[in-house]
Amino acid sequence: MKKLAALFAVTALATTAGIAQARDLGPDEALKLRDAGTIQSFEKLNAAALAKHPGGTINETELEEEYGRHIYQVELRDAQGVQWDLELDATNGQILKDHQDD
């Protein structure tokens, strides 16, 4: 029984630690990072996402810091009306994830 309780405690701690590693960045902080050259301009990041899905329309964007890395999240709808979620490395524009939204 003690092992089971310990397992639950470790699982809860690991889950909480994972959640704490992602942090939304506000507009002021995002602009400071862009102006300092730490991340690419939002125009370039949006263009990289749209290049993956030509003719698409961006619905929402968000900048997060995950495990010390700046991640730019984009939700867009392609020309056929399919919704996509993309994650880009905000420092270089590399697409990290690109999957169809459910």
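Placing a label point 7 Å from the Cα of Glu29 along the Cα-to-Cβ direction, the residues of segment 58-97 whose backbone N falls under 12 Å of that point are 63-71. In whole Hz, with x marking every Gly and Pro, tabulate ³J(HN,Hα) for segment 82-90 from phi via Karplus 6.51 cos²θ - 1.76 cosθ + 1.60, θ = phi - 60°. Computed from phi, the couplings for segment 82-90 are 7, 8, 10, 10, 10, 10, 10, 6, 5 Hz.
All of the numbers you see were taken from the coordinates with simple rules; none came from a lab. Just so we're clear, the structure is a prediction, and the values are computed from it rather than from any experiment. We place every Cβ from the backbone using ideal geometry, glycine too, and count neighbours over all the protein chains shown.
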